[in-house]
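The structure appears right after this line, and notes come after that.
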Ligand code: ARG
């Protein structure tokens, strides 16, 4: 048991208490951020005349050595330390002696951990955004390839009107685009440095907080020392954005699972992204899509967990906040993994164009266009709606579709029908005449592609990597 605070205690910590309290098993994940923050801190301390140049140099060298040794595996982070901060400080003192004891001057573990978690999360915001951007690029490519892959569009999971695969993919493009922008926004809002807040009330040392903030790539220092050590809003925002990403992935997965089923056969998931059954030899299951859909729950769980943790704790730091880490780390890793796997599945998936088009042809997806045709011939829309309703009923009874009826049969239902009805309700016309921006018609889609290509090229990650 190695602790930083034995002085005022007369008894050893109970072993179970020690284990319950310790965080090293999970906060070791940000040992690099802890060291990066400490280096910035001592560089500032020296600039302010609080440490000598030699002390600073020794500490920086010691910290850099620890980082390298942990990285290359010669130094192991073991459970004998309470947390990562204790581990680094104890190792530093072992390495460089007396000067190491000055590292923690003008600092508390409260602002230290606030900084570490923020640095770690900030990098993760970028990593997740990179994955989202790659998925957007994949979607854009699929959209370019499938401008004329017709398929049914659904409402209530009932066939509604025909669209294209590009248009359907485009819906997800917009969702993930908003996710990307949410991450950008979170990055901007969280990018203020808590270091120098001390335990809660700042410090009497003449720290230059603006300087440490700039060394660590922050916009500036946070402006209230109590808020600095008590704030986890940025993590809540991030977990909320991650939950929304998972919600989008999960909907997409649900559709792919349906489309991949024998009933739909719109797509075939590649063998490399499917699994078999131990008993049924014929099976090829969409497990990856199901797992992504399933893992959505644990990411929501992380969000609800931290919201609940934070709701009742008085200012400023409380140990409850140590609970911000494990589930958040798990959520970040889960989302990055799901985004990458989902993209791989999408890129290797086969789209059955003929099956999709055939499906779009039946189910009366052209009924609205048939009504619009009558409107074009002067029939008021409400009357046209009624006429086409009767026409659909007639087709259902005869087990046929609108475009398969003869002109005589059509005229019997309404004398307004003429030969040009067949072209007006063809699958191609139904899609290609929908040309308002955001609609599936090719010319409209091309403009959307142009704008979205521009969005991707502008990016927001270029200076962040
Ligand atoms: N392991 C702690 C955490 O994650 C570090 C801060 C400890 N501060 C304290 N006053 N005990 O929150």
Restricting to Cα pairs below 8 Å that are 6+ residues apart, what does the relative contact order work out to for the stretch 65-218? Please round to a whole percent. 25 percent
Do you know the relative contact order of the chain, to the nearest whole percent, from alpha carbon pairs under 8 angstrom that are 6+ apart? 16 percent
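Sort 116-125, 87-96, 45-54, 275-284 by the packing proxy (mean of other Cβ within 10 Å over each peptide's residues), most packed first.
Numbers: 116-125: 22.5, 87-96: 20.0, 45-54: 15.4, 275-284: 9.4.
So the peptides 116-125, 87-96, 45-54, 275-284, ranked by packing, come out 116-125, 87-96, 45-54, 275-284.
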I'd like the antiparallel share, as a percent to the nearest 5, of DSSP beta bridges with both residues in the chain. 75 percent
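Based on the mean of other Cβ atoms within 10 Å per residue, sort peptides 164-170, 341-347 so the most packed one is first. Could you put the intermediate results ahead of the total?
Values: 164-170: 24.1, 341-347: 18.7.
Order by mean packing, descending: 164-170, 341-347.
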In what sequence, highest mean first, do 202-213, 379-390 appear when ranked by Cβ atoms within 10 angstrom? 202-213, 379-390
What percent does the relative contact order of the stretch 1-146 come to when contacts are Cα pairs within less than 8 Å and at least six residues apart? 31 percent
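FYI, it's all coordinate maths here, none of it is from the lab. Please read these numbers as outputs of a predicted model, since none were measured by experiment. Glycine gets a Cβ as well: all are built from the backbone with ideal geometry, and neighbour counts include every protein chain shown.
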